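Student: Next up is a structure, given as structure tokens.
The values are calculated or read from the model by the stated rules, or taken from the named source; none is laboratory data. Please read these numbers as outputs of a predicted model, since none were measured by experiment. Note: ideal-geometry Cβ built from the backbone for every residue, glycine included; neighbour counts use all protein chains shown. We work out accessible area using only protein heavy atoms, side chains counted, and drop any ligands, DNA or RNA first. Shrake-Rupley method; radii C 1.70, N 1.55, O 1.52, S 1.80 Å.
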Amino acid sequence: MAVTEDMCTETIGVMAAGPAAAGTMAVGTAAQELQLKRGELAIAVHLGLIRLMVPRDGGRPRVRCDEVDRLRSQDGFPEALRERVRTVGTAKGAQQLGISPDRFTKLARAGCFTPITFYLNRYRAIVWLYLADELAGFAAREPRLLVGRSPAWLRGRLEGGTDCRARNWRSRRVERLLILTEDPWARAAVLADTLDAVQLAEVVDDPYERAYLARIRPEPAFGPTGPPLARETMAHLMQADEPDEMLWRRVSLIMELDNAREARPAPRPGGEWRAFQRPGNGCEGAPDSHPGAGPVPAPALAPESVPAVPPHPGPAPGPVHAPTDVAEPALGLLARIGLRRRTTRAAGRRQSGPGCAPFGA
């Protein structure tokens, strides 16, 4: 079952706007004006070359006419724009670098370059695609990796079964979403999307906060397109799958949660819901359509935000440096990462009588 590029390229390069009005055009019309395919336009949005506008009423995203005019007026249009978003697979990528497809795959598995998107072939296997422009830059930076015997570090990674393609693609996407997101709870939702349900419950033990993070989880800019299998594959690839990356994401989520809780508490049942800021340039997003929704006090601006998690092109993320003004001791952070539930259950057993289990145990 084949899946087209735009079905697999979920991007959130959006900014909130009012209802569609004069001065904007539909995404399909913008693609025609820019002489781009839909998948190429999705990649351009992901790279930050094109900015979308999402109406507050939750309608389809649109593109400002002046944004299209700006791109059309650039030198070399449309060839220059199309070259920046042109993708290649393993065969064409190897041909571009002048190496064999087998060597190209080894370099990709070792994390020498990062996929930009993927699609599912007829056998439902993931086929990674790479930016041709980035491959050209890699060839200019690392010509020694294209000829002769592979260095020891690369052979060691491959012999250990390392495959950095999904991990680097995931890091790239998370980094881009965090760059485009200023709302602290939306930033936490981006990081929560990288953990499975069990790990998320260990880090975020409040069920109402978990429900809120699920409500504001980033959505595709072009809507939930594609067959269910493609969406399931996307959700699976977004989750960290190695111990060190899981720890990295858990610590990062804790830091973002601390920042979000200082800005405003998560909504509670019986309270009133208010429109939250969707990911994208910190502008106000679509109103909440939850039954019984109503306004709550406007959230206060967050203090100085915690820096976004930096991308890690290699197989292991860099060390996490806690802010110097954090008052919580190191033991408290470790307990929040992996020991919180154990501590909570032990406290609950001490407070509860025999045969009485604490809530959530």
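Student: Is there any pair linking a residue in the range 65-93 that is more than 25 Å from T114 (Cβ to Cβ) to one that is among the hydrophobic types (A, V, I, L, M, F, W, C) and assigned to a helix (DSSP H, G or I), with Cβ under 6 Å and at least six apart or on different chains, and which?
Tutor: Pairs that qualify, where the first residue is more than 25 Å from T114 (Cβ to Cβ) and the partner is among the hydrophobic types (A, V, I, L, M, F, W, C) and assigned to a helix (DSSP H, G or I), are V68/A30.
Student: Go through the residues of the range 18-39 one by one and say whether even a single one is at pLDDT below 80, at positive phi and surrounded by fewer than 22 Cβ atoms within 10 Å (Cβ to Cβ).
Tutor: No.
Student: Quickly run through the range 216-254 and pick out the residues that are at pLDDT 90 or above, within 13 Å of D193 (Cα to Cα) and open to solvent by 60 Å² or more (accessible area, probe 1.4 Å).
Tutor: Residues satisfying the conditions are H236, Q239, D241.
To keep it simple, each residue is scored yes or no on (1) among the hydroxyl-bearing types (S, T, Y); (2) closer than 25 Å to E134 by Cα; (3) touching a Leu at 6+ places or on another chain (Cβ under 8 Å).
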position: P151; (1), (2), (3): no, yes, yes
position: R157; (1), (2), (3): no, yes, no
position: R165; (1), (2), (3): no, yes, no
position: I179; (1), (2), (3): no, yes, no
position: A189; (1), (2), (3): no, no, yes
position: M246; (1), (2), (3): no, no, yes
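Student: Looking at this structure, is N259 more than 25 Å from L129 (Cα to Cα) and modelled with pLDDT of 95 or more?
Tutor: yes
Student: I would also like to ask the following. Against the conditions (1) open to solvent by 50 Å² or more (accessible area, probe 1.4 Å); (2) touching a residue at least 12 places away in the same chain (Cβ under 8 Å); (3) in contact with a Ser or Thr (Cβ under 6 Å, 6 or more places away or on another chain); (4) closer than 30 Å to W153 by Cα, where does G98 fall short? Just the number, please.
Tutor: Result: G98 fails condition (3) only.
Student: A further question follows. Go through L145, L135, L177 for me and flag whichever is touching a helix residue (DSSP H, G or I) at 6+ places or on another chain (Cβ under 6 Å), hydrophobic (A, V, I, L, M, F, W, C) and farther than 24 Å from I216 by Cα.
Tutor: L135
Student: Something else now. How about the range 153-165: which of its residues are open to solvent by less than 20 Å² (accessible area, probe 1.4 Å) and within 19 Å of the chain's Cα centre (by Cα)?
Tutor: Correct list: C164 only.
Student: If we scan the range 110-121, do we find a residue that is out of contact with any helix residue (DSSP H, G or I) (no Cβ under 6 Å at 6 or more places or on another chain) and open to solvent by 70 Å² or more (accessible area, probe 1.4 Å)?
Tutor: No, the range 110-121 contains no residue that is out of contact with any helix residue (DSSP H, G or I) (no Cβ under 6 Å at 6 or more places or on another chain) and open to solvent by 70 Å² or more (accessible area, probe 1.4 Å).
Student: Which pairs have Cβ atoms under 7 Å, sit 6 or more apart or on different chains, and link a residue in the range 249-260 that is part of a helix (DSSP H, G or I) to one that is of a type in the set (S, T, Y) and surrounded by fewer than 24 Cβ atoms within 10 Å (Cβ to Cβ)?
Tutor: Close Cβ pairs satisfying both conditions: N259/S305.
Student: If I filter the range 193-206 for residues that are out of contact with any strand residue (DSSP E or B) (no Cβ under 8 Å at 6 or more places or on another chain), open to solvent by less than 10 Å² (accessible area, probe 1.4 Å) and of a type in the set (G, A, S), do I get at least one hit?
Tutor: No, every residue in the range 193-206 fails to be out of contact with any strand residue (DSSP E or B) (no Cβ under 8 Å at 6 or more places or on another chain), open to solvent by less than 10 Å² (accessible area, probe 1.4 Å) and of a type in the set (G, A, S).
Student: Still on this structure: Of everything in the range 80-120, what is touching a Leu at 6+ places or on another chain (Cβ under 8 Å) and small (G, A, S)? Give them in sequence order.
Tutor: G89, G93, G98, A110 - these are the residues of the range 80-120 that are touching a Leu at 6+ places or on another chain (Cβ under 8 Å) and small (G, A, S).
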